Amino acid sequence: MWGRRQLGKSPLTHRSTSDFTSVELPHTHTHTHIYIYIHCKSPLRHQTLDWSNLPPYKVIMRADNDDNAALSADEDLLRDNEEPSSTAFAPPPLPQLTDEPQTLPDSCVSLSRPFLRALHAILPPSPHLTLSIGSGTGLVEALLHGIAPPPNLVSVEVAPSPNRYHAAHRTVPGTWALEPLAARARAWVFVYPKQVALVKAYVEAFLSRRDAEAEVEVVVYVGPRMDWDDFRGALVEAGVAGEVEVEVWGEERMEAVGGRAWECVAVVRPRGRSAPEVVRVRQNSFHVDER
């Protein structure tokens, strides 16, 4: 496992259990403490980390041997002296949707069958991973998972999570924490995100540096149309180098796919992965699709 290391004059301290090792990077090095919990399926001998590029958010990191390994229900990183939960995940029945948008108590976004099919069409096929960040009750994610072919979709929420519906769920310890699966996911989905700063932190941590291990090809925003400009800045201008492709669904298209005109879907492709009828743009501009 990990031993005691030196980083300049700042020591790294560690705590170990049978499955996890945590490493604390002192305040003197990063202006904030960073705790790294590594789930070890095998000993991490000869493992090195580039501390200089870690963001000023606390990051929970996980190392798995299989990038496409299935995740169990409510899988999370164990804390010290914490035992795995044996409680089976038992979601309530899913609501019956129609072709018209409905406002449901467990979803911020209005939902309909054609709207969910339109979202599903954006996501990469399984086994490629989609990460829904800030998933709330997990209703949208569970409904998306029910559409054939089901995506490999993992939801993430701050603990204690309000998740009720989605089995493949993970938690992070606070709004300052970034889920490390973001580096392995082909798609990120933000449904009614609350914090521009958190979205920006994900972009800066996993996209702006063009990390060779980052696999994300598409980022999807679903939320109020009036909030899109704020999040556009975080997604498009927060350090994504070079050209990006941004598709914003206009009012007519939202209504055509069973959504509300005052909500919107924005699809950002930070690596220039083209989709049909999407215009390639530079960082400081974006294309509005009014179809």
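The values are calculated or read from the model by the stated rules, or taken from the named source; none is laboratory data. Model, not experiment: these values are computed from the prediction. As a convention, Cβ positions derive from the backbone with ideal geometry for all residues, glycine included, and neighbour counts pool all protein chains shown.
Worth a mention:
- Per-region count, region 121-138, residues without any contact (Cβ under 8 Å) to a residue 60 or more places away in the chain and crowded, with 19+ Cβ neighbours inside 10 Å: 7
- Evaluation of Ser107 against (1) of a type in the set (S, T, N, Q); (2) touching a Phe, Trp or Tyr at 6+ places or on another chain (Cβ under 7 Å); (3) outside the structural domain of Glu255 (by TED's automatic domain parsing) (one fails), failing number: (2)
- Selection status of Ala185, aliphatic (A, V, I, L, M), under 11 Å from the mean Cα position of the chain (by Cα) and either modelled with pLDDT of 95 or more or under 25 Å from Ser112 (Cβ atoms) (or both): yes
- Total residues in region 141-193, condition assigned to a strand (DSSP E or B) and among the acidic types (Asp, Glu): 1
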